[in-house]
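Remarks on the structure that follows.
Quick note: the coordinates plus some simple rules give every number you see, no bench work behind them. As the structure is a prediction and not an experimental result, all values here were calculated from the model. Note that each Cβ is placed from the backbone with ideal geometry, even for glycine, and that neighbours are counted across all protein chains shown.
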Amino acid sequence: QGLRLTQAYAMAAGRWLALKVGLVRGQFGVGLVANGGEDADPEEVGQSPFDVAYEHDRNLRLQLAVFPFEPKTDKRGKTQAPLALVVAADAVMDDDTASWEAGDRTYQVLGGALARFGPVRLAAGTLYRDQAYAEGGETKVWLAALTGRWDILQRTHRLWIEGELDSYFGTSTLSQSAVRPGAFDVQATGGVGRLGYGRAEYDLVFEGGYASGDDNAFDDRINTFTFDREHRVGLLMFRQAIRQSSAATAYNVADPTYRGSPSRGFDQLANGGAIQNAIYVNPRFRYRLPGDLRLDLGYVWARSAVPVTDAFRSGLAGGAPVAWRGAAEATALGHEVDLGLGYDWRLEPVTVRLRSQVGVFVPGEAFQDARGADAPTMWAGLTQVEVRW
């Protein structure tokens with residue numbers, strides 16, 4: 001795609017106020033609904049180290065922050081405001097469902113508060129989004145979001161917990177139903193929790209997540225919660241197997257021999273590898289080897305919140321919940337194991353970051369065909385070389 005500007009903004013800050021104007025990467029909490037699309041920092045073990053970022057949320061933003069209390073300096077000499085009240089307005093340039101260049105016009109207004117109480121950080125806010133699609137239709141939703149982190153131990157032993165919970169509700173006229181014409185009611189919820197423990201040579205992280213699903217694809221409600229696609233879990237299950245399956249669904253629905261002209265919004269069936277309609281656990285282990293080498297090991301197990309429904313195959317079956325390859329009433333997505341090795345070569349002011357990863361995914365019953373035959377095991381690997389300065 002060539003070079004693309006991802007951030008360019010001006011900021012002025014004083015004792016009581018801070019103002020930011022320009023192009024920014026959207027990010028909130030652990031990144032379930034707003035994700036800047038950064039690769040995992042080697043020093044930050046909360047975010048999964050597996051796979052690489054593909055996209056960024058980019059917004060033209062006008063933001064005002066108010067600091068009603070005196071800043072405080074912690075034991076490490078870092079000065080921060082104990083409370084910040086934030087309001088902002090966005091014109092969305094790019095995210096998972098909107099593209100200004102493609103003709104979508106999406107605007108957001110948001111407000112929230114960020115508080116610090118010693119080792120505890122909390123943030124809560126609400127957002128209103130008005131999206132008009134280039135192909136017609138619009139979505140108007142409210143989002144309520146809560147995120148936090150508690151660093152319980154911070155010295156020889158590190159113990160922490162963090163999480164995010166989001167819920168949105170509103171209406172959408174993008175998709176069109178031949179059964180129930182008119183606007184769809186949108187109501188969906190998702191969340192992630194993480195518990196971490198570490199010492200100088202290793203870190204253990206246990207992550208669990210939930211994204212609600214829609215148990216009736218033919219009513220006038222949309223209940224599927226979709227994480228931002230840059231919230232990454234593992235290498236294969238979501239980022240490859242489900243991404244490819246959902247893309248095949250959109251392709252099949254668009255086939256003129258299926259129903260002539262596809263319904264508006266059919267392209268949204270391809271989820272780009274985002275987590276949706278899922279319950280998962282993802283324990284991870286990092287060991288720091290001599291010479292700045294990092295060894296990462298991860299495991300993913302997941303099932304769908306409600307039976308997987310492929311719009312194309314379910315349509316052929318008269319509306320029954322049929323999965324991507326024909327399995328009926330299936331929920332087990334499968335499990336995978338990932339292994340990675342990383343190294344940072346520091347040549348001030350340049351850092352060369354090297355990463356090599358491999359993963360194996362064993363599909364569950366949701367990937368079986370109509371006769372109950374299992375899908376083949378999937379293997380993949382990647383090597384990344386990144387230069388930072």
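Before moving on, here are some points about what is shown:
- Low-density loop positions, trypsin sites (Lys or Arg not before Pro), segment 154-196 - DSSP coil, at most 15 other Cβ in 10 Å: ARG155
- Comparing VAL352, VAL120, VAL337 in a Gaussian network model of the chain, where Cα atoms under 10 Å apart are tied by springs, the biggest mean-square fluctuation is seen for VAL352.
- Order of TRP160, TRP100 under a 10 Å beta carbon neighbour criterion, fewest first: TRP100, TRP160
- In terms of other Cβ atoms within 10 Å, VAL24, VAL109, VAL362, VAL233 run from fewest to most in the order VAL109, VAL362, VAL24, VAL233.
- Estimated purely from DSSP H runs of n ≥ 4, each contributing -39500 (n - 2.57), the mean residue ellipticity at 222 nm for the chain is -1500 deg cm²/dmol once divided by its residues.
- Phi angles of segment 294-309 translate, via the Karplus equation with coefficients 6.51, -1.76, 1.60 and θ = phi - 60°, into HN-Hα couplings of 10, 10, 10, 10, x, 9, 10, 10, 8, 9, 7, 5, 10, x, 5, 10 Hz per residue; Gly and Pro are given as x.
- Gaussian network model of the chain, springs between alpha carbon atoms under 10 Å - residue of GLY14, GLY208, GLY326 with greatest fluctuation: GLY14
- Segment 130-158 residues near the modelled ARG264 label - backbone nitrogen below 16 Å, point 7 Å along Cα→Cβ: 131-140
- What separates the Cα centres of segment 151-220 and segment 344-374 is a distance of 21 Å.
- On Cα atoms only, tilt of 243-254 relative to the major axis of the chain in degrees: 40
- Counted by neighbouring Cβ atoms within 10 Å, the residues ILE279, ILE161 run from fewest to most as ILE161, ILE279.
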